[in-house]
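Participant: This structure is in structure tokens; I'll ask about it shortly.
The values are calculated or read from the model by the stated rules, or taken from the named source; none is laboratory data. Note that the structure is a prediction, hence the values are computed from the model and not measured. Cβ: placed from backbone, ideal geometry, glycine included. Neighbour counts: every protein chain shown. Keep in mind that these areas ignore ligands, DNA and RNA; they rest on the heavy atoms of the full protein, side chains included. Shrake-Rupley method; radii C 1.70, N 1.55, O 1.52, S 1.80 Å.
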Amino acid sequence: MSPETSSAIPAGPLSCERCGQPFHCGARDAAPCACTTLRLSPAQRESLAAQYRHCLCLTCLAAIAAGAPQQR
């Protein structure tokens, strides 16, 4: 995640915009966020950025990376 993106992430717990579950976004953490281990295509990333304002939970991102629909 880029510094511009991480600064746009609200502080505190987030709710996933896809499933509604609370989660911790690690973009501001000292260690790399767990989402950096997922492989999303450029098209998937572009589509997610167009649909959602903030990060999604790791469960949803993993499902999307595996081919699940981006919206529930």
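Participant: Could you check Q21 against (1) surrounded by 10 or more Cβ atoms within 10 Å (Cβ to Cβ); (2) free of Cβ contacts under 8 Å to residues at least 40 places away in the same chain; (3) within 11 Å of the chain's Cα centre (by Cα) and say which number it fails?
Facilitator: Unmet for Q21, out of (1) surrounded by 10 or more Cβ atoms within 10 Å (Cβ to Cβ); (2) free of Cβ contacts under 8 Å to residues at least 40 places away in the same chain; (3) within 11 Å of the chain's Cα centre (by Cα): (3).
Participant: Picking from S7, S15, which residue would you name as being of a type in the set (S, T, Y), modelled with pLDDT under 95, open to solvent by 40 Å² or more (accessible area, probe 1.4 Å) and touching a strand residue (DSSP E or B) at 6+ places or on another chain (Cβ under 8 Å)?
Facilitator: The match here is S15.
Participant: So, one more: Name the single residue, out of those in the range 18-38 being hydrophobic (A, V, I, L, M, F, W, C) and in a loop (DSSP other than H, G, I, E, B), that is modelled with the lowest pLDDT.
Facilitator: Top of the filtered list is A27.
Participant: Just to verify a result, which residue in the range 28-42, among those that are more than 23 Å from P69 (Cα to Cα) and among the small types (G, A, S), is least open to solvent (accessible area, probe 1.4 Å)?
Facilitator: Of everything passing the filter in the range 28-42, A31 is least open to solvent (accessible area, probe 1.4 Å).
Participant: Restricting attention to the range 48-68, which residues are exposed (fewer than 15 other Cβ atoms within 10 Å of the Cβ) and closer than 13 Å to R18 by Cβ?
Facilitator: Hits for the range 48-68 are Q51, R53, H54, T59, A68.
Participant: Which one of these does R45 not meet: (1) open to solvent by 90 Å² or more (accessible area, probe 1.4 Å); (2) in contact with a helix residue (DSSP H, G or I) (Cβ under 7 Å, 6 or more places away or on another chain)?
Facilitator: Status for R45: all satisfied but (2).
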